[in-house]
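Written below as structure tokens is the structure these notes are about.
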Amino acid sequence: MIVHRSPPGKPGVKNLFSESVYERGAMTVHALRVSVGDKAFFEILKTWVQEQRNATGTTEEFVELSERISGKQLDKLFDAWLYGTKKPTAPKPL
Amino acid sequence: MAVAAAVVLAGCLASGRDDDRFHPGAAEIGDPYVPGAGNGGYDVDSYRLAVDYDPPSDRLSGRAVVTATATEPLSRFNLDLVGLDVSTVTVDGTRAEHRRDGDELVVTPGRGLARGSRFTVEVAYAGVPTARPDGQLGSGGFLHTDDGAIALGQPYSAATWFPVNDHPADKATYEIEVTVPDGLEALSNGVPGERTSTGGRTTWRWAERTPMASYLSTLVIGEYRVTSGTHAGKPIVTAVPERLAATGPEATSLARTAEIADFLAGRFGPYPFESYGGIVVTDPRVGYALETQSRPVYGPGFFRGGQPNPAVVTHELAHQWFGNSVAVARWRDIWLNEGFATYAEWLWEEHDGGRTAQRNFELQYAMTDWSRPTLDPGRGQMFGSAVYKRGALAVHALRRTVGDEAFFTILRTWTTERRGGNATTDDLVALAERVSGKSLRPLFDAWLSGRTAPALP
Ligand SMILES: [Zn+2]
């Protein structure tokens, strides 16, 4: 068994445009920036836009890319910020 | 004191005598992770199932022939069955009394069943099968879909479509016949048999002749593109919903089944079953992939990226050795399934030119929450990261401690000696000690149950 993890990645039709997708999405991006540092962070964004041009990107691919560039394991961070049902701990440099 | 002792002794003698008399079999197997599941007093050898499913009405009618051996002298026994109406039950060809008690079918044969005797129960039943909702995992059980149905789910789902001793400790062989309207596909476990059509309905036949735990059975009915072939002299059957592109990530992932199974056979020993395969479903309620025997079922979430997903295929195929061929006897040991399947993903990633297993170990070690145990994680954490990730750490810690040669000998001996059976963590520790000649109990205790980070081996 592997359980596929989903929410704001999979908000469901009802919550597709809910606050959590926007507000929490933005907070997740900032948590990533604090965790990996500015240099890696902007490298990730730049690469993401280039690699995903003319294609659709998934959360999994974004996590993959962030890990590749930062050299840090980030699934726990994304899980907590995107899918967790509790308030995540404040981000700090990893 | 003397009087009290005498009373206790008399009680023991009385229950000892009772044990040799015909008595009711237990209504559950006694696994605290799945209260009510499974039954006591017998061991099933085989299920022969013939079910007819009508998608427009969601109605299923079935006949189940269950052959079992009494392990106690039984005056009556239970099978697990969720919903559905039972019309007749026979035991060895003679009508038997039956009644329902929640998710139990209680069968009282005309005469008792002697310990050690083999008996055959035949149950005729029908109704609209139901799901078994489980908030944490998404729906399991029998799901009605827009083009058919999916019967799937861990730790149980079988009892939603046939009467069963629904616990992995009682493995059995299966012959499954599924009749559906012409034009629909009906997929299940094992080797495909003859397909026949009559009166607008088609009967699909499947046989899983290697012992299988009931939660590893599946039924998938709908509009599927079925690909059949042969690999290493065994049938390989994969299926993808017709609405998905033939060259999409689902089909291309399934197409790697044989290659990945061969890679794993090189590490774990010969592939343990008579057939290969895989089924992709699109129903969003299937928020998981499950290692259904010889033919895993993959939910839609794993392919949303548009890229093939060999990692999930590796995980579910690794379970064919770890979890299916060698199954748990109690769910407290589920790390024996998930820890090894997760470790297999690390082996595949290394083989595929990604991170080494050692690197994944280091990264995972650094981020593990050691307050959660891997062994006996509790019902709510059966599918938690302590079982999967910390379980994989324990596997790699064993490898580091005993060395590669002993490690892979342990894995191959495990899959050979325990093939087709059930095993516990204690069995693994004993085997690892025997093969390596080292005392390993403290290592397993620290990596599986310790509350703090173990020293790196
Ligand atoms: Zn698994």
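The values are calculated or read from the model by the stated rules, or taken from the named source; none is laboratory data. Values in this document were obtained by computation on a predicted structure and should not be read as measured data. Using ideal geometry, Cβ is built from the backbone for each residue, glycine included, and neighbour counts are taken over all protein chains shown. Keep in mind that these areas ignore ligands, DNA and RNA; they rest on the heavy atoms of the full protein, side chains included. Shrake-Rupley method; radii C 1.70, N 1.55, O 1.52, S 1.80 Å.
Annotations
- Chain B, helix-only ellipticity at 222 nm - DSSP H runs n ≥ 4, -39,500 (n - 2.57), divided by all residues, nearest 500: -9000 deg cm²/dmol
- Amide H contacts under 5 Å for B:Thr130, placed H, 5+ residues apart: B:Phe142
- Short-range pairs are left out: with C-alpha atoms under 8 Å and at least six residues apart, the relative contact order of chain B is 11 percent.
- Computed 3J(HN,Hα) for the stretch B:385-400, one whole-Hz value per residue from the Karplus formula 6.51 cos²θ - 1.76 cosθ + 1.60 where θ = phi - 60°, is 5, 5, 6, 7, 7, 5, x, 5, 4, 4, 4, 5, 4, 4, 4, 4, glycine and proline marked x.
- Local net charge near A:Arg68, Cβ-Cβ under 15 Å (Lys/Arg +1, Asp/Glu -1): -4
- Pairwise inverse Cα distances across the stretch B:223-322, averaged and inverted, put the Kirkwood hydrodynamic radius at 13.4 Å.
- Dividing the C-alpha radius of gyration of the stretch B:396-451 by 2.2 N^0.38 Å, with N its residue count, gives 1.09.
- The stretch B:427-446 versus the stretch B:298-339: alpha-carbon centroid distance in Å: 25
- For the stretch B:42-97 and the stretch B:266-280, distance of Cα centres in Å: 30
- Entries in B:Lys234/B:Lys389; B:Lys171/B:Lys234; A:Lys87/B:Lys389; A:Lys39/A:Lys92; A:Lys46/A:Lys92; A:Lys86/B:Lys389 that, when Cα-Cα distance is taken, lie over 25 Å: B:Lys234/B:Lys389
- Range of Cα positions in chain B per principal axis (Å), largest first: 76, 63, 39
- Å² per residue, accessible surface of chain B at 1.4 Å: 38
- For the stretch B:238-253, 3J(HN,Hα) per residue [Karplus equation, 6.51 cos²θ - 1.76 cosθ + 1.60, θ = phi - 60°, Hz, x = Gly/Pro]: 10, 9, 10, x, 4, 6, 8, 4, 5, 10, x, x, 5, 5, 6, 5
- Accessible-area rank, largest first, for B:Phe273, A:Phe42: A:Phe42, B:Phe273, with all protein chains present and a 1.4 angstrom probe.
- The orientation-averaged projection of the convex hull spanning the C-alpha atoms of the stretch B:22-221 amounts to 10.9 square nanometres.
- Principal axis extents of the C-alpha atoms in the protein assembly as shown (largest first, rounded to whole Å): 79, 72, 49.
- Among the GluC sites (Glu not before Pro) within the stretch B:120-225, those in coil by DSSP and having at most 16 neighbouring Cβ atoms inside 10 Å are B:Glu194, B:Glu223.
- A cut-off of 5 Å between modelled amide H atoms, ignoring neighbours fewer than 5 places along the same chain, links B:His23 with B:Leu74, B:Ser75, B:Arg76.
- A cut-off of 5 Å between modelled amide H atoms, ignoring neighbours fewer than 5 places along the same chain, links B:Glu104 with B:Leu81.
- Accessible surface of chain B, 1.4 Å probe, proportion on carbon and sulfur as whole %: 51
- Shielding score for B:302-314, defined as the mean number of other chain Cβ atoms within 10 Å: 3
- Value of relative contact order over the stretch B:223-322, rounded to a whole percent, pairs C-alpha under 8 Å and six or more apart: 28
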